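The block underneath contains the structure these notes are about, expressed in structure tokens.
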Amino acid sequence: MTEIAETVWRRWHGDRRLLSPLRNELQALMEAGAQAELLDRFAEDLQFGTGGLRAKMGVGTNRMNVYTVRRATAGVVEWIRNSMPRERWRLAIGFDGRRDSATFAREIAGVAAACGVNVCLFAEARPTPMLSFAVRHLQCAAGVMVTASHNPPEYNGYKVYGADGGQVLPDDAERIVALMRQETDLFGIVALTPDHERYRELVAILAEDLERAYYDRLAPLLHVERAEDKDALTIVYTPLHGTGGATVPQALRLAGYNHVYAVPEQSALDEQFTFVRNPNPEESVAYDRALLLAQERSADIVLATDPDADRVGMMARRSDGRYELLSGNEVGALFLSYHLETLSEQGIMPERGAVVTTIVSSGFGEAVARAHGVFTERTLTGFKYIGDKIEQYEQDGTRHFVFGYEESVGYLLLPFVRDKDGIQAAVFLANMAASLKRRYGDLGTALEALYRRFGYYRDRLLSYTFAGRDGVQRMNALMADLRGDPLRARDVSLSAVEDYLTLLATAVADGRQSALQLPASDVLKFRFTGDAWVAVRPSGTEPKLKVYIGVKGTDMQTAADQVEHLQSVVEARLQSFLA
């Protein structure tokens, strides 16, 4: 493997078509004798997962650079040409504020134009949900969003969307990969430059009218609460140096929220994420500066969107003045209670209504939905599966989509977008907060009322990095070990094991098996007595193992203790597999 990789990096170094910055980077690695780093960069090709690419930027076949981006685009463009009539050969392209995102977007446009495909290219960095909207609104065959979401600054990514505006599903991803593999000369893929006549003919720059059309579709959210309730709500917002800074405050203003205070240091696009320790709205450290402003303004809620503004996290002020970070499961349950009660009061609850969430979301939202006679359907992790369910409902009429959410703070209410949408989520969460403040005084009291009614659901996400070139092998070994010897815990009995790779659920008591009605995926879910469970899956975008824990207790302390116990069981089992 080392000899093959060395042949590749020396071929790159000797090719005069290699751009000077990448050549200089490669030269420095070779002169430093950085064999392990060179091997990591050149021993294999960058893998195109179910949603696209995500990796560190730099020189190498296993890095994000103009050549690997061109190769991915060649596969996407050929997929469009093979699957769509010529009049639908149209590709929407968006990008975030990361280093090289705009460059990669132009490269994608250049490859598409060279192949005769029309392009709709955003003029500036904008949120991922706007790219999903553009695909649908402009009737494009596909879309590409250049983003690595909340990853560290050295990363970038490439997400592919289908004609429905949702991320491509595995079958289409496999077709794209097969077409990519036909491109064996990365330096030979043609990408027209913006000054080329053909580029100017085929590449249209998306102007403000596209954004106005997006905001117009927010209309159902803009006037659902009373003006005096909105005026009583104070919101602190941070885009975490991302694309939400240009869009979320605008949406909140349109909805009539006059007391919105953005964190000034984090409001500008910044490829280094200078003023935030971790731009992930699931993590409490992302709120450090927002909390200072919230305390200064006595804000009722704090909202934070990730850098591509498809997810939004929320902190709520308690009656004692403390701010609490709510999980995606808690927000999902709160919003469902508020939303479904509103629909019922107005007499517009849809027949055969459905909430769509994932197999790693807690039972909290499902319990709330059930109390209102609304069905909950579960999908694999990844919002593309929720988007696909919406499409199915529209095609066959079996259900009416009411709400979609993931525990990882991704939400969708209005399905004119087919991905999680942090812009519309900010508006409907503000509406919820305004209503619940009037009724309960604060969101914490409203949440406690839900716990008393439905049980004390607690959840936790654990993430373990499997570093090094053997990380994937160690994760695979762990998953195989868990399949052979299921996870067990003291003081709580294992009742069933759900294996989403074999699509079989096995009852522990008698070994009886039943089929799981979902696509195959490398996920194990261990169900214990008393509504406790643990799910384990390798990440599809990073060298990490994700572990989800969910419990239901009779009080908060009992539930918290059970989460701690299950975490200790998981960590003891994983110890020998971590580097």
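The values are calculated or read from the model by the stated rules, or taken from the named source; none is laboratory data. Quantities reported herein were computed from a predicted structural model and do not represent experimental measurements. Cβ: placed from backbone, ideal geometry, glycine included. Neighbour counts: every protein chain shown.
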Legend entry - Tabulated pairs, the range 157-175, first over 15 Å from residue 139 (Cα atoms), second small (Gly, Ala, Ser) and in a helix (DSSP H, G or I), C-beta under 6 angstrom, 6+ apart or interchain: 158/72
Inset, instruction - Answer yes or no: is there a residue in the range 472-481 that is crowded, with 16+ Cβ neighbours inside 10 Å, outside the structural domain of residue 48 (by TED's automatic domain parsing) and free of Cβ contacts under 8 Å to residues at least 60 places away in the same chain. - result: yes
Inset, instruction - Could you run through the range 123-140 and say how many residues are crowded, with 24+ Cβ neighbours inside 10 Å, of a type outside the set (Ser, Thr, Tyr) and under 14 Å from residue 91 (Cβ atoms)? - result: 4
Inset, instruction - Tell me, yes or no, whether the range 392-411 has at least one residue that is crowded, with 22+ Cβ neighbours inside 10 Å and part of a helix (DSSP H, G or I). - result: no
Inset, instruction - Of the conditions (1) surrounded by 24 or more Cβ atoms within 10 Å (Cβ to Cβ); (2) in contact with a helix residue (DSSP H, G or I) (Cβ under 8 Å, 6 or more places away or on another chain); (3) of a type in the set (Gly, Ala, Ser), residue 163 clears all except one; give me its number. - result: (1)
Inset, instruction - Output the number of the condition that residue 144 fails; it satisfies all remaining conditions of (1) touching a Leu at 6+ places or on another chain (Cβ under 8 Å); (2) surrounded by fewer than 22 Cβ atoms within 10 Å (Cβ to Cβ). - result: (2)
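Considering each of 102, 55, 113 in turn, give the residue that is outside any loop (DSSP other than H, G, I, E, B), free of Cβ contacts under 8 Å to residues at least 60 places away in the same chain, more than 15 Å from residue 161 (Cα to Cα) and among the small types (Gly, Ala, Ser).
On the way: 55 fails: free of Cβ contacts under 8 Å to residues at least 60 places away in the same chain; 113 fails: free of Cβ contacts under 8 Å to residues at least 60 places away in the same chain.
Residue meeting the stated conditions: 102.
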Legend entry - Filter result for the condition that a residue is among the polar types (S, T, N, Q) and within 21 Å of residue 443 (Cβ to Cβ), over 238, 274: 238
Inset, instruction - Among residues belonging to the range 248-267 that are of a type in the set (Val, Ile, Thr) and crowded, with 23+ Cβ neighbours inside 10 Å, point out the one that is farthest from the chain's Cα centre (by Cα). - result: 263
Legend entry - Flag for residue 93 being assigned by TED's automatic domain parsing to the domain that holds residue 149 and either part of a helix (DSSP H, G or I) or closer than 22 Å to residue 170 by Cβ (or both): no
Legend entry - Qualifying position, being in contact with a Cys (Cβ under 7 Å, 6 or more places away or on another chain) and under 23 Å from residue 214 (Cβ atoms), among 134, 102, 125, 112: 134
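Any idea which of 251, 204, 191 is outside any helix (DSSP H, G or I), in contact (Cβ under 8 Å) with a residue 12 or more places away in the chain and touching a helix residue (DSSP H, G or I) at 6+ places or on another chain (Cβ under 6 Å)?
Exactly one of 251, 204, 191 is outside any helix (DSSP H, G or I), in contact (Cβ under 8 Å) with a residue 12 or more places away in the chain and touching a helix residue (DSSP H, G or I) at 6+ places or on another chain (Cβ under 6 Å), namely 191.
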Legend entry - Hits in the range 512-559 (condition: in contact (Cβ under 8 Å) with a residue 24 or more places away in the chain, in a strand (DSSP E or B) and not aliphatic (A, V, I, L, M)): 525, 526, 527, 528, 537, 538, 544, 546, 548, 550, 552, 553
Legend entry - Top-ranked residue in the range 458-478 [being part of a helix (DSSP H, G or I) and in contact with a helix residue (DSSP H, G or I) (Cβ under 7 Å, 6 or more places away or on another chain); ranked as nearest to residue 367 (Cα to Cα)]: 478
Inset, instruction - Scan (1) at pLDDT 95 or above; (2) small (Gly, Ala, Ser); (3) crowded, with 18+ Cβ neighbours inside 10 Å; (4) farther than 18 Å from residue 182 by Cα for the single condition residue 5 breaks and write down its number. - result: (1)
Inset, instruction - With the checklist (1) within 18 Å of residue 109 (Cα to Cα); (2) in contact with a helix residue (DSSP H, G or I) (Cβ under 9 Å, 6 or more places away or on another chain); (3) at pLDDT 95 or above; (4) surrounded by fewer than 21 Cβ atoms within 10 Å (Cβ to Cβ) in hand, flag the one item residue 229 doesn't pass. - result: (1)
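Tell me the residue from 425, 467, 434, 430 that is surrounded by 24 or more Cβ atoms within 10 Å (Cβ to Cβ) and out of contact with any strand residue (DSSP E or B) (no Cβ under 9 Å at 6 or more places or on another chain), please.
Working: 425 fails: out of contact with any strand residue (DSSP E or B) (no Cβ under 9 Å at 6 or more places or on another chain); 467 fails: surrounded by 24 or more Cβ atoms within 10 Å (Cβ to Cβ); 430 fails: out of contact with any strand residue (DSSP E or B) (no Cβ under 9 Å at 6 or more places or on another chain).
Of 425, 467, 434, 430, the one residue that is surrounded by 24 or more Cβ atoms within 10 Å (Cβ to Cβ) and out of contact with any strand residue (DSSP E or B) (no Cβ under 9 Å at 6 or more places or on another chain) is 434.
Taking the conditions exactly as written (touching a strand residue (DSSP E or B) at 6+ places or on another chain (Cβ under 9 Å), over 18 Å from residue 367 (Cα atoms), part of a loop (DSSP other than H, G, I, E, B) and of a type in the set (Gly, Ala, Ser)), does residue 509 satisfy them or not? I'd like the intermediate steps shown before the answer.
On the way: touching a strand residue (DSSP E or B) at 6+ places or on another chain (Cβ under 9 Å): yes; over 18 Å from residue 367 (Cα atoms): yes; part of a loop (DSSP other than H, G, I, E, B): yes; of a type in the set (Gly, Ala, Ser): yes.
The answer is yes for residue 509.
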Inset, instruction - Residue by residue through the range 492-506, note down the ones that are among the aliphatic types (A, V, I, L, M), free of Cβ contacts under 8 Å to residues at least 60 places away in the same chain and either outside the structural domain of residue 534 (by TED's automatic domain parsing) or part of a strand (DSSP E or B) (or both). - result: 494, 496, 497, 504, 505
